[in-house]
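Visitor: First the structure, then my questions, so here it is.
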Amino acid sequence: MLAHDEDMCTQPQPIRWFRAGDLDALFAEGNCHGLDVEGRRIGLFNVDGEVHALDDICTHGNARLSEGELDGHEIECPLHAGLFDVRTGRAMCSPLTRDARCHAVRIDDGVVYVAAPEAP
């Protein structure tokens, strides 16, 4: 059974917005891009101009989701082919048993910002 959090992209603790980069530059070579934000690896996924962000490490194995195949709103882990919904982080199939952490995204004047929890 898959464990799901009903509202994956809410940020329960205080957050900071981090500049990820220019929208066009981030996705110049494809619809997936990985980057480091405050020591956390974040995967950005562009679905028809709508950008979503998840922790960039699969919850099942040590693989970067940003190196997987994006098909609509589903990113396939490159290691064991598990699928996550990039809108919510929801684990869609086996072998995944845990959802990925989702991060809020905003775009201002063509610049992408990602929300991440403040360090304690």
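The values are calculated or read from the model by the stated rules, or taken from the named source; none is laboratory data. Quantities reported herein were computed from a predicted structural model and do not represent experimental measurements. All Cβ positions, even for glycine, are placed from backbone atoms using ideal geometry, and neighbour counts span all protein chains on display.
Visitor: Could you tell me which numbered condition S66 fails, if it satisfies all but one of (1) of a type in the set (S, T, Y); (2) closer than 17 Å to A116 by Cβ; (3) in a loop (DSSP other than H, G, I, E, B); (4) at pLDDT 95 or above?
Guide: (3)
Visitor: Only one of (1) in a strand (DSSP E or B); (2) over 26 Å from I15 (Cα atoms) fails for H80. Which number is that?
Guide: Here H80 clears every test but (1).
Visitor: For segment 56-74, name all the residues that are buried (at least 20 other Cβ atoms within 10 Å of the Cβ), closer than 26 Å to D22 by Cβ and touching a His at 6+ places or on another chain (Cβ under 9 Å).
Guide: Matches in segment 56-74: S66 only.
Visitor: Got a sec? Which of G68, G49 is in contact with a Pro (Cβ under 7 Å, 6 or more places away or on another chain) and of a type outside the set (K, R)?
Guide: G68
Visitor: If you go through segment 88-97 one residue at a time, do you hit one that is modelled with pLDDT under 95, surrounded by fewer than 21 Cβ atoms within 10 Å (Cβ to Cβ) and among the polar types (S, T, N, Q)?
Guide: Taking every residue of segment 88-97 in turn, at least one turns out to be modelled with pLDDT under 95, surrounded by fewer than 21 Cβ atoms within 10 Å (Cβ to Cβ) and among the polar types (S, T, N, Q).
Visitor: Among the numbered conditions (1) under 20 Å from P117 (Cα atoms); (2) assigned to a strand (DSSP E or B), tell me where I75 comes up short.
Guide: (1) is the only condition that I75 fails.
Visitor: Starting from segment 85-101, take each residue that is on the phi > 0 side of the Ramachandran plot and assigned to a loop (DSSP other than H, G, I, E, B) and list its partners that are among the β-branched types (V, I, T) and surrounded by fewer than 19 Cβ atoms within 10 Å (Cβ to Cβ), counting only C-beta distances under 9 angstrom and pairs at least six apart or across chains.
Guide: none
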